[in-house]
Amino acid sequence: MSSAHRFYAAYAGPSMNPTLVEPELIEIEPYYDRPVRVGDVVFFTRPDEADFIVHRVVRITAAGLRTRGDDNSQDDADWLQISAIHGQVVAAWWGQRRRVIAGGRAGWLLAQGLRVRRFAYRLIARSLRRPYHALARWGFIRTLAAPWFKPQVIAFSGRSRYTRQLWWGQRLIGNYDAQVQQWRIRHPYRLWVDAAALPAPAGGGYGPPRWWRRMGGIRRYKMGGAYPA
């Protein structure tokens with residue numbers, strides 16, 4: 001199919017991590033006469049919801065389709081009908097970098113691998129929780145890593161909210177939780193990141209600061225800096 005038939009949308013939310021990460025731009029290809037396959041990442045709506053949803057097809061039956069986010073532990077509660085699907089997510093863009101999003105059998109295998117990895121990680125994390133937190137509080141590894149570990153805080157707006165994320169190169173390693181007003185750093189990066197030193201939005205982070213309203217767009221902070229770079 002020609003790329004002229006494809007359309008684009010900004011991805012938001014954590015349910016498809018790490019396959020898709022906010023605020024990537026997703027590339028969507030309508031199905032037309034193509035069949036929907038188990039393993040496809042689909043862009044759809046539900047009858048009682050206005051927002052678009054992006055999840056992976058995990059089962060197809062006569063009653064409809066079952067979908068699930070790659071980072072979710074359970075299938076979505078409702079059956080999905082073919083008529084609600086607007087297209088297949090075939091790629092994701094971060095700036096000028098385009099990543100192909102696997103569908104069909106390759107996509108199904110990828111999703112199974114992510115679930116096995118998540119299960120194994122939880123087992124390991126549970127057994128190592130105490131020494132991990134002790135090392136993080138100690139800060140010695142953080143000091144050794146300081147010369148080469150240079151993450152960035154990226155601020156952007158999406159779904160009428162203001163969001164901050166912590167990135168190291170192309171890897172998302174943390175995000176600011178406005179509800180509890182603190183940074184959540186992914187394992188094992190708390191060994192290298194001092195969450196208390198990261199910039200926290202004034203007023204809990206629910207609205208953008210004055211400079212954001214004036215300038216807009218995605219802004220980057222240097223670690224420990226107080227102003228956008």
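Close amide-amide hydrogen proximity is noted between I173 and L166, W167, W168, each under 5 Å apart and 5 or more residues distant or on a separate chain (H modeled in the peptide plane; Pro and chain starts excluded).
Relative to the current alpha-carbon distance between W148 and A195, full extension at 0.36 nm per residue lengthens the span by 15.2 nm.
Rounded to the nearest 0.05, the FRET efficiency derived from the C-beta distance between F119 and R46 at R0 = 35 Å is 0.75. Taking θ as phi - 60° and the Karplus parameters 6.51, -1.76 and 1.60, the scalar couplings of region 166-182 work out to 10, 10, 10, x, 9, 10, 7, 10, x, 8, 8, 8, 5, 5, 9, 6, 7 Hz in sequence order, x denoting glycine and proline.
Rounded to the nearest whole Hz, the Karplus-based 3J(HN,Hα) values (6.51 cos²θ - 1.76 cosθ + 1.60, θ = phi - 60°) of region 38-51 follow the sequence 4, x, 6, 8, 10, 10, 8, 10, 10, x, 9, 10, 8, 6, with x at glycine and proline. Backbone amide hydrogens, once placed in the peptide plane, bring Q182 within less than 5 Å of D177, excluding anything fewer than 5 places away on its chain.
Derived scalar couplings between HN and Hα for region 115-132 equal 5, 5, 5, 5, 5, 5, 5, 5, 5, 5, 4, 5, 6, 9, 4, 5, x, 4 Hz in order, rounded to whole Hz, by the Karplus curve 6.51 cos²θ - 1.76 cosθ + 1.60 (θ = phi - 60°), x for Gly and Pro. Computed over region 3-112, the percent of Cα pairs more than 23 Å apart is 19. The stretch between W94 and R126, if pulled fully straight at 0.36 nm per residue, gains 8.2 nm over its current Cα-Cα span.
Centre-to-centre, using Cα atoms only, region 61-88 and region 115-139 are separated by 32 Å.
Placing a label point 7 Å from the Cα of H86 along the Cα-to-Cβ direction, the residues of region 41-59 whose backbone N falls under 16 Å of that point are 41-56. Taking the charge dipole of region 34-179 about its Cα centre, with +1 at Lys and Arg Cβ atoms and -1 at Asp and Glu Cβ atoms, the residue from P151, S73, T61 reaching farthest to the positive side is P151.
Since every read-out is calculated from the coordinates, none of them should be taken as a lab result. None of these values were measured; they are calculated from a predicted model. Here Cβ is always computed from backbone atoms with ideal geometry, including for glycine, and neighbour counts include all displayed protein chains.
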